[in-house]
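Comments concern the structure below.
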Amino acid sequence: MAQIFHRSANTLSRVTIFGAVFIAGFVLWVIGGIVRSPYFTNQGNALEQVVPFSHQHHVGGLGIDCRYCHTSVETSSFAGIPPTSTCMNCHSQIWTNASMLEPVRASFRTGKPLVWNRVHRLPDYVHFNHSIHVAKGVGCASCHGRIDKMNLVYQASPLTMEWCLDCHRAPEKFIRPREEVFNMGYVAKNQATLGPELVKRYGVKSMTHCSTCHY
Amino acid sequence: MSDNKTLSFTDFRARVGDLRGKEYWRSLEELSRSDVFDDFMHQEFPQQAVALDKGVDRRDFMKLMGASVAMAGLAACAPPAETIVPYVNQPESLIPGKPLFFASAMPLGGVATGVLVESHMNRPTKIEGNPSHPTSMGASDALMQAAVLGLYDPDRSQVVRKLGDTATWGDFIAALQPVVTAAKTNGSGLRILTQTITSPTLGAQMQALLAQYPGMKWHQWEPVNADGVREGNRLAFGSYVHTHYDFTKANVVVSLGSDFLGAGPGHLRYARDFMSRRRIRNGAKAMNRLYALEGSMSNTGSVADHRVVVKPSQIEDFARQILAGQSAHPVVATLIKDLQANRGASVVIAGDEQPAAVHAIAQAINTQLGNIGTTVRVTDPIEVAPVNQLASLMELVRDMNAGRVQALIILGGNPVFDAPADLQFRKALEKVPFRAHHSLYYDETSLLSHWHVPDTHWLETWGDARGHDGTVSIIQPLIAPLYNGRSVHEVVGALIGGLDQTAYQTVRKYWFANGATEDTWRRWLHDGIIPNSALPVKGGAATAPPPTANRQPATEGIELELRHDPTIYDGRFANNSWLQELPKPQTKITWDNVLIVGPKTADKIGFDTDDRSELFNLKKTRFAEVAYRGVTMRLPVWVVPGYAEDVATVYFGYGRLAGGSVATEKGKGFNTYPLRFSNALHGGPGAKITIDRGSKPYPVACTQEHQSIDPKDVGERGIIRSATLAGYIANPKFAQDPHHGSDVSGHGSESMYPDWDYSNNHAWAMVIDTSVCTGCNGCVAACQAENNIATVGKEEVVREREMHWLRIDRYYRGEVENPEVFHQPVPCMQCELAPCEPVCPVEATSHSDDGLNDMTYNRCVGTRYCSNNCPYKVRRFNFFHYADYDTPALKPMRNPDVTVRTRGVMEKCTYCVQRINAAKIEAEKENRRVRDGEVVTACQQACPTQAIVFGDMNDPKSEVAQLKAQHHHYALLEELQTRPRTTYLGNVRNPHPDLATPHKADTGHEG
């Protein structure tokens, strides 16, 4: 009986079988790349806001401390978005006629709150607490990037679980002295020796079990 | 099914004889050990027995698969956009992300229980007891826990109605004008019907109203009322007085049909005080003793040292025997001796359902024993106007029938549904020309009223009320009225004429006229009580022994006992699905009411063992025809041990015709109010009950055997371990396994898995003292509220898919007619070597550094291997999308610190890890360890008897570590080497030495 397949079918089948492993691997690699990409994580994506509030101007230029507006960052899970009245502390005195600030004044007049678009969004099954990170020497800029250089705030970090774990697994690489937490421009000179020392001093633990964040 | 080798009743009596002292059982079916039951027991996943209703063919399958793949792709595109809405002016004390707690009080039956309400950004989400309030002492019950769902309930009435059509408050006020004008000249035409009122402010308003409209009459009616107590005390003391009890000083307690640990004013406090004398710690030599006389099984009876099963109608005879000091009944005779030996340190307490005579006799006994002033406290009434509510309602009905009532304003309550059947309230009401009803729901009474005004929930209005000892609490709102409700103060205010008075102004004005200043007012609101407002204790003695009642002894038929439902109360909570799905403490039935009888009675009415066993496996039961005083009714029968012969119990509150979708559809049940007569409010003799064998069996959602541990798989010392006090003193280590010794942690014993090292960490652990658990369900409801646990509905409960993370197993031992009862709360054991962890293919369940078995919902793919491998059966699976994501009203109710689970996800108890983490973060910020008592789990916090203790067992000074060192400490299924972190203290009871016929195990000398 004649052969059904040509001899070349042997090679073809070998290549196909061999290739399938690579193809599957490649597909997984691509998926892995996509879910880590800014397309998926929203990293670097500046959102338009009801008032084009510039952190660059207020933080970088005027030097206002983060906690002037984000009042609960040291006490609560939520850092806090300032109420309209905080804006009006200054803007009842300066730039009182700026058209850009009309939504703020309108909010103050009518009692209707400003609605901001959320930039840093974690899924509902992740419970993040600002206060403990600040207390243990995680700088604002470590996660949020150089806010003082952003006009409109964008998400500087990918906020993936992998990214969280980078620090949770090796906190000594990232933490800084408590007094430098709100310093946007802080650069550690000797993280390799300072890090382990701070870990010890602040009692920082490498918390990687699931219920640290998921419950 | 197997060929049904079932045992007859006499057979299993014989069986019980054999097994006495050896085996605990949960139900009659288990006791009979029929093959049917064994089959049932060994279905690993009975839930899966339910197949798809119809098959899916290949083409449909392809369609479904294609669609789900496409949709899965769509769903994964990008996270949804979110907005943040800050305040315009942020309140000073409010920190976003941190809850605030406000003191308030929950009134029920007029009596307040102090609460602390957790508020997230001004949304009340959870209720705790107020530790400063004498009625709560920090504890809470299921009804309190479920109040948040009651607040947000979208089925609540949301608008003023005139003849069913939408109207406005202004329309109602206008409609009132002719009524009040007429009342000024001829007041007797105007009637007001309220529930029990202890509120000083409302009392003052009512007095003002009565002064303004001379001749106007005020009637009071509540189906669960304390008429018996009131009239009995009047018989005993000569005038209306209030009595409350101090169980901390009582060595001997006798309950005459009273469920003082489970229901009624002050039951949380009573449970705390009573159980404070039953905590067995190393070296304990004494505890109090409880004798309970009752016909049906109550929570109180279930923890009694001696339970005398009598017909409810016989309780009076026994009470008289105790008063006379002699009885032929051996237990009652011993009880009398015991009382005599504890003069001034004993309590005789009669049940709220008992007739006035029994209360009068009980107080006469207390006087005889010198208990008045020591354990029994007599004060002025806590009600602003104590009346015989039944007489008050009957007078109203008489006047309505005679046409003497021109206008009736009903403030709260639902008399069309719950008035005694023979009064025919409905017919009488229809003769009144102006009828207005003020209530939370548009219910049966609203339907028959010309006007309906929505009420405010107690969490959204101002008010005040007295606790069980008279202590006044100001009720402060946590949220503005959600559904346009008007508080009762506003409605009465409108009748008086003060239209612009809000409830806040009314309450505040009253108290500022009665001694408040701005400072004290703020202090009262903060503390949740007005200090020293408890009514002063009066002296007094019960005088002349009450007259012998003229009763015909009941010889024929079955005695019917009518009780309010343990979860939905008198029907007012029927629309609350948390309470509907809460297993009733003794029957473990959800979503239904049934006719409860004992096994002997069941045989008599023709529901024999064979029939029962067969239906049991189908989770069904038969209907019975109940004929009682000319009323016939069909009710499903349920057979429960520990019932007096010829006694049947019926709960009322079900069978609602209006008042919410849950009440009228999913949890409808059967309306048993037609069995309630004005001269026999709590039941009476003469019922004829016959089984309807021809009818279709009725499915009953009973959780009794769900998530069971097969007793056959249990080591020789069993799941429940108990001893008498004498047995405990002889052998304090009675609960420990002879083979495993005292090392219940299992450390050092052989295991395939490597040990975890917790030495540098916390080691969270829980100890549950089974001696003091009353099975009240407070913990189960608290867990549901704290952890956003969904309800599943009756059909799903029948399929064993209820979601409660914490269940209370109830075991019996001994005689079927009068068994001992043991309660055992079972949360997740947080095993150190957890069988659930290694079998998860996606590591959705894993071990935490401090020994919790974490459950990561977002990782779970729903293989259910973990649940399959859990020997304690504490894991719950979302077979469907049980959590309601869509109803907007329910969104603000949920605890923002706990993920709301979706379909296909396993969930379980994690010792309230959100609370652990919150405490850990606070401690870490101060660079210290979490202090003992800083983390309180929801179940622990609710528990009225402090049976649940949680803490870090690495800290040797912690309470939990000390309990773990108790001699009678044991772990469940310790021979499995799972090293559970949740462990138990053995049950110790204190039977009188003259009566104790100890079970072998109880003496501590296992043969």
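Bear in mind that the values in this text are calculations on the coordinates, not laboratory data. Remember, predicted model here, so these are calculated numbers, not experimental data. Here Cβ is always computed from backbone atoms with ideal geometry, including for glycine, and neighbour counts include all displayed protein chains.
Data for the structure
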quantity: Average beta carbon contacts from partner chains per residue of B:357-364, 10 Å cutoff; calculated: 0
quantity: Alpha carbon convex hull of region B:132-273, volume per residue in cubic angstrom; calculated: 189
quantity: Listed residues B:F607, A:S37, B:A961: farthest to the positive end of the dipole of the protein assembly as shown (Cβ charges); calculated: A:S37
quantity: Principal axis box of region B:741-854, alpha-carbon based, largest edge first, Å; calculated: 48, 37, 24
quantity: At least 30 Å along the helix axis (C-alpha) and Kyte average at least 0.0, DSSP helices within chain A; calculated: A:8-36
quantity: Number of partner chain Cβ atoms within 10 Å, mean per residue of A:72-84; calculated: 5
quantity: Residue order, fewest to most beta carbons within 10 Å, for B:F318, B:F950, A:F40; calculated: A:F40, B:F318, B:F950
quantity: For the protein assembly as shown, with +1 on Lys and Arg beta carbons and -1 on Asp and Glu, the positive-most of A:T84, B:I173, B:A204 along the dipole; calculated: A:T84
quantity: Computed magnitude of the charge dipole of region B:780-885 (debye, nearest 20; Cβ of K, R +1, Cβ of D, E -1); calculated: 340
quantity: FRET efficiency, B:N282 to B:N869 (Cβ-Cβ, R0 56 Å, nearest 0.05); calculated: 0.95
quantity: Lysines with Cα under 22 Å of B:K733, excluding same-chain neighbours fewer than 8 positions away; calculated: B:K22, B:K285, B:K957, B:K964, B:K1000
quantity: Computed over region B:577-649: relative contact order in percent, which uses C-alpha pairs under 8 Å that are six or more apart; calculated: 41
quantity: Residue-count net charge about B:L335 - beta-carbon cut-off 11 Å; Lys, Arg +1, Asp, Glu -1; calculated: -1
quantity: Selected from B:I529, B:L635, B:Y569, residue furthest toward positive end of dipole (region B:513-644; charges at beta carbon); calculated: B:I529
quantity: Footprinting exposure proxy for B:K431, A:K136 (fewest neighbouring C-beta atoms within 10 Å first); calculated: B:K431, A:K136
quantity: Nonlocal amide H pairs with B:R486, under 5 Å, H built at 1.01 Å; calculated: B:D455, B:T456
quantity: Quarter of the Cα convex hull surface for region B:151-216, i.e. its orientation-mean projected area (nm²); calculated: 6.2
quantity: Partner aspartates and glutamates for A:K173 [C-alpha distance under 14 Å; skip if fewer than 8 residues away on the same chain]; calculated: A:E197
quantity: Rounded to the nearest 20 debye, dipole of region A:26-119 from Cβ charges on Lys, Arg, Asp, Glu; calculated: 160
quantity: Projected-area mean, region B:122-166, by convex hull of Cα positions, square nanometres; calculated: 5.0
quantity: Exceeding the 20 Å Cα-Cα cut-off - candidates B:K584/B:K696; A:K136/B:K126; A:K200/B:K920; B:K126/B:K891; B:K126/B:K666; calculated: B:K584/B:K696; A:K136/B:K126; B:K126/B:K666
quantity: Point-charge dipole on Cβ atoms (K/R +1, D/E -1) for chain B, about Cα centre, debye to 20; calculated: 1660
quantity: Chain B: relative contact order in percent, alpha carbon pairs under 8 Å with at least 6 residues between; calculated: 15
quantity: Over chain B, equivalent-ellipsoid semi-axes from the Cα gyration tensor in Å; calculated: 43, 36, 30
quantity: Rounded to 5, the percent of DSSP beta bridges in the protein assembly as shown classed as antiparallel; calculated: 60
quantity: Binned Cα-Cα distances of region B:254-331, short to long, each 10 Å bin given as a whole percent; calculated: 18, 44, 30, 8, 0
quantity: Ellipticity estimate at 222 nm from DSSP helix runs (n ≥ 4, -39,500 (n - 2.57)) divided over chain A, nearest 500; calculated: -11500 deg cm²/dmol
quantity: Burial ranking of peptide ranges B:489-497, B:602-610 (average Cβ count within 10 Å, highest at the top); calculated: B:489-497, B:602-610
quantity: Sorted by Cβ neighbour density within 10 Å, fewest at the top, the residues B:D399, B:D418, B:D755; calculated: B:D755, B:D399, B:D418
quantity: Peptides ranked, highest mean first, by Cβ atoms within 10 Å: ranges A:172-185, B:296-309; calculated: B:296-309, A:172-185
quantity: Per-residue average of Cβ from other chains inside 10 Å of B:838-847; calculated: 1
quantity: At R0 = 22 Å, FRET efficiency that the Cβ-Cβ distance of B:N122 and B:E92 yields, to 0.05; calculated: 0.95
quantity: Sum of -39500 (n - 2.57) over DSSP H runs of 4+, divided by residues of chain B (222 nm, nearest 500); calculated: -7000 deg cm²/dmol
quantity: Computed over region B:96-143: relative contact order in percent, which uses C-alpha pairs under 8 Å that are six or more apart; calculated: 29
quantity: For region B:858-965: Kirkwood Rh in Å [reciprocal of mean 1/r, alpha carbons]; calculated: 16.6
quantity: Overall Cα dimensions of the protein assembly as shown, principal axis frame, Å, largest first; calculated: 101, 84, 72
quantity: Inter-label distance, nm, simple model (7 Å from Cα along the C-beta direction), A:T16/B:A480; calculated: 7.1
quantity: Net charge contributed by nearby residues that have their C-beta within less than 11 Å of B:M400 (K/R +1, D/E -1); calculated: +4
quantity: Radius 11 Å from Cβ of B:L290, net charge of other residues (Lys, Arg +1; Asp, Glu -1); calculated: +3
